[in-house]
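The values are calculated or read from the model by the stated rules, or taken from the named source; none is laboratory data. From a predicted model like this one, the values you see are computed outputs, not experimental measurements. Here the Cβ is made from the backbone with ideal geometry for all residues, glycine too, and neighbour counts use every protein chain on show. Surface accessibility is based on the protein's heavy atoms, side chains included, excluding ligands, DNA and RNA. Shrake-Rupley method; radii C 1.70, N 1.55, O 1.52, S 1.80 Å.
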Amino acid sequence: MSALASAGSASHRARDARESQLVGRGAELAELRSIIDSRGSVILVGESGIGKSSLLEAATAGFDRAVGGALGMLRFIPYLPLVRAVGPLPESDPASIAVAVVDRVADGVLVLDDLHWADDATLGILDRLAGRVPVLAAVRTGDDGTERALAAARASALAELRVRPLPEHDTIDLARRWRPELSPGDSRELVARAGGNPLFIVELARAGVTTTLTLALEHRLRGLSAEERACLELLAVADVPLPRPASRRVLARLVDVGLLTETEQGFTTCHALIAEVIGRQLAQPRRRALHRRVAALTGDPATRARQLMAAGDRAAAHEVAAAAAATSPPGLRAALLGLAAECSTGPGAPRQRVEAAEALVSTLLIESAERALGPDDDVAGELGVRRQAVRAQIRFSHGDSDGALAAVEAAIELADPGSALVARLLVERAWIVTLRREGPRAVALAREALAAVRARGLPDAAAQRVLGVAVSIVGGDFDEYVGLYESAAAAARAAGDVAEELFCGKLLVASHESGDQALGIRLGERFVARAAEEGMVALGQSIRASLVSLVYSHGDPERAVRDAHALLAESIERRVRAMTAGFAAAALVDLGRIEDARRMTAAGRTIVSEDIAGCFDVLWAEAELALAEGRAREALRLADAFLDRFRDVDYGDMSFMHVTRDWAAVELGRELAPLGAPPRSLHRQHVPTVIERQALRLLTAGQNEAAAATFASAADGFEPYHRRSEIRCRWAAGESLRRADRLVDARAALELAERLAGDRWVPLANRIRRSLRHAGARRSAPRQAAGALTAREREVLELVGSGLTNTLIAARLGVAPRTVATLVTNAGAKLGTRSRAQTALRAAETS
C-alpha cells in the first residue's frame, strides 16, 4: 500500500494544482488527444516549468498508460526511462527490448518525460517504438542533452509540439486562481516577471510577491518544519526518487502542499526547478552530508559511488565502484573502472587510471578514457609507456593520425626491448599505419607484430585482426583476410576478450560488402545484439555504422537513412559519426531527398578527419550530391580536389570517386584521360568501377555499341555488391544503345533499369524515364486519382509530420503561411481527418 494511502485528499489537491496550470492550453491538449486517438507519437518541447508534464498527464487521462522518464544523475543506465515505464527488460538486443516494451504497453500509451536526460540506448530504439504504440515524450530546452533527444525524436518521426509561454490574459487568469485578490498593479508586475511560465506564475501568485522564483519558493519553504525541509533538501541533491526519504506524516504533508510527488520508484520533488532552487541554497558541508545519506539509501552501486564522490568521500566511492566493476559485464565494468579511477588517490592512482583508460579505449569509450587518464602526470617506466600508448589511441580517435603514430613510436623507444609491452605496441603501430592506408608498409609491420606477439606467447587476436585489415587494403584475397578476421574472433572468444571479438565482428560485417551481403547483414545484427548483451555501447555503435554502409550497398537506402538517423541521434565517436553521415547523405541523394542530403553533408563536413579514411565518405557524398543537382562543374571540382589531395594514398573506395569525377567530366563534355592500370588488385565491389570508366571512354569516343556492352558488363559486376552503381550502368547501357539507334534493344535495357529503380532511386529513375521517352516509349508523371493528394499537399504534410509549424513550412517552401494552412485543410477534407496531426499521419500511411 502507498505511504500516502490514508492521505487521498492530498493527492487530489496536488492533482488540482497541476490541472490548474492547464489554463490556456486547450489547443495543445486537443492536439495531443487527436494524436493519441490516431495512435501517433509526439514530443513536447519547452522550457522548464512551462507545463509539459501537466499536459502529458492531462492528455493521457482515461487511457491505459505506462509512464516513465529519465533521471539526470542516472543518464548512464541503459533503457532506464523504459524500465521506469514498463518494469525490468530482458538483457537482449534492441529489437527484442522494443518488442517487450510494445507488448507491455499493448493498447495503451507510452509516456516518457525528461527525454533530455535519456541514455543513448533509449534514444536509439525510439524508432522501433513510435508507430507501434503511441509515444508521448517531453524535452526541456536549454539542456546539454536537448538537441540529442530532439534529433532522435525527429529521426523516429515523432511530431514536434512546442509549448509556448502563456499570453497575458491567461497569465492573469491562472494567477488569480491562486490569489483572487491580486491587484491590477501586481498583475502587471507578475506578467512582466513570470514570462508566461505556469510554474513561475503559480509560485509567484501563491507567495504574494512579485520578485523572483527563488524568493517565491523561499516564501513557501518558510512555513515548513525542520523535518519537512530536510526531506526536500535530501531529494534535491538525490536527483533520483527515493522510496522512504522521511516519515509518512512528512511525505503526506509535502505532497499535500504540492512540493513532492509519489512515483512507482519513490518520492521526488514535483519539479526539477524546485530541486534546483533548494540545492542552490545549500552550504557545501550540508550538501556533502546529504549526498552521504542518499548513498546510504540507494541500492545501486553506480549511484552510490557517484553520491559518495559528490560527498567528497573519494576513497569510499572508489571502493564501491571497483567492487561493482569486478562482477559487471565488460561494458559496464569499463565505465565503473573509469569512475573508480576518477576517485583514486595516493601512490596507486596512476596505475588505476591507466588500467581504467585502457579498458575504456578497448570499448571505444574515448571521452571517458580521457577523463579517467587525467592530466599528463610525470609517470615513468612501464606505466608511463602504457599511458603514452593510450594517449596515442585517443589522439587517433580525434583524427590526429600523425600525432598518434608519433606517440606510439615514442612509446616503443621507451619500452624495454623484447618485452611483452613492446609486442603489444608493435601491434598498435601496425594498426595506425594500416588505418593510414600505407599499403605494403602496413602489411610488413602487421606481419612483424604478429610474429613478435606469438614469439612471446601472447594472445594474438588483435595482431591477426590488424594483419587482416592490412591485407585487405592492399587488395589481398578475400578469403585470406576474412579468414584472418574469423580466426581472430575465435581466438578472442577463447581468451574471453569480448571487445576484440566484437571488433573482429565489425570487420567481418564491413568485409561482406565484397562477399555475401545478406550474410553480412545477419552477422552484423547478431554482433550488435552481442554488444548490447555485454553493455558495450560504443562497439555496438561502430558495428551499426558498418551495417549502414552494407545496407546501403545492398540496395536499401530507406533503411540506411533510418538506421543512420537513429545512430546519429546518439553520442558516438567522431569517426563513426563521419562515416555514418557520409553514407546517410549518399542514400538521401539516391532517394531524391536533396535538401536533407545537403544538410547531412554540411553536418558531416564539420567532423571529418584529415586522413582519407576519416573524410572519404562525406566528401564522396558531397560530390555525388552536386552531380545529382546538375552542378557537374562543382562535382568535378570537388572530385579533383580530393583526388589531388590523396593521389599517393592507396584506398580502395577511391575508385568510386574516380567514377564520380568521370561522370561529371562527361556531362561537361570534357575529354577523359586514358585509364592506367590500378595500383593493386581491387576488391570485388571495386573491380566494376574500372569497367564502368572504360565504358565512359568508349561513350565519349562515339563507340556507342561497345560502350553499351561494357556498361552491361559493369552492371553485372556490380549486381552482388553495389545496387546503385548497377542501376546506373544498366541505364547507361540502354542510353548507349539508344544513341546507336538500336531502339528496341535500348527500350528493353532501359525497362530493366526502370524495374530495378522503381520509385525508390529518384534521380536515376528520372534519367531512365527521360531516356525511355527519347527511345520512343510513352512515359509521363502518374496522374492523381480523384480525391488523391497533390504532390504539394504531400510535401507539406511530410513537413507537418516532421514537427514543423505552418510558419516554418512556409519559410522553407517560399510560400505564405495561409497557403500552407489551406493545403493542410484541403488534404484533411480529402482524407476525412479532423486534425492537422491526423492528416499528416494518414498521408504517411497512404503514401
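Residue 487 contributes about 50 Å² of solvent-accessible surface, heavy atoms of the protein only, 1.4 Å probe. The mean accessible area for residues of the chain, using a 1.4 Å probe and ignoring ligands and nucleic acids, is 42 Å² per residue.
Distance from the Cα centroid of the range 607-663 to that of the range 393-413 is 26 Å (rounded to whole angstrom).
When the alpha-carbon atoms of the range 537-633 are used, the pair Rg, Dmax equals 12.3, 42 angstrom.
What separates the Cα centres of the range 275-343 and the range 753-780 is a distance of 62 Å.
Would you work out if the range 285-431 is rounded, prolate or oblate? Take a ≥ b ≥ c from the square roots of the eigenvalues of the alpha-carbon gyration tensor; rounded if a/c is under 1.5, else prolate when a/b is larger than b/c, oblate otherwise. Intermediate values should be presented prior to the final figure.
Values: a/c = 2.51, a/b = 2.28, b/c = 1.10.
Cα axes put the range 285-431 in the prolate bin.
Express the carbon and sulfur contribution to the solvent-accessible surface of the range 470-606 as a percent, rounded to the nearest whole number, probe 1.4 angstrom.
Details: 2280 of 4410 Å².
It is 52 percent, rounded to a whole number.
Alpha carbon centre of the range 512-570 versus the range 448-483: separation in Å? Taking the Cα centre of the range 448-483 as reference, the centre of the range 512-570 is 24 Å away. Using a cutoff of 8 angstrom between alpha carbon atoms and counting only pairs six or more residues apart, the relative contact order for the chain works out to 9 percent. Taking the Cα centre of the chain as reference, the dipole from Cβ charges on Lys and Arg (+1) and Asp and Glu (-1) amounts to some 2000 debye. Seen from residue 423, the other residues with C-beta closer than 12 Å to its C-beta sum to a net charge of 0, counting Lys and Arg as +1 and Asp and Glu as -1.
With the biggest extent put first, the Cα atoms of the range 443-511 measure 29, 25, 15 Å across the principal axes. Taking all protein chains together, 187, 53 sort by accessible area into 53, 187, largest first [probe 1.4 Å].
If I compute solvent accessible area with a 1.4 Å probe over the protein chains, what percent of it on the range 124-167 is carbon and sulfur?
Heavy-atom surface of the range 124-167 belonging to carbon and sulfur, 1.4 Å probe: 43 percent.
Taking every C-alpha pair closer than 8 Å and separated by at least 6 residues, the mean separation divided by the residue count of the range 35-176 gives a relative contact order of 35 percent. Using the alpha carbons alone, the radius of gyration of the chain stands to its Kirkwood radius in an Rg to Rh ratio of 1.01. Note on the chain: helix-only mean residue ellipticity at 222 nm, from DSSP H runs of 4+ residues weighted -39500 (n - 2.57) and normalised by residue number, equals -21000 deg cm²/dmol.
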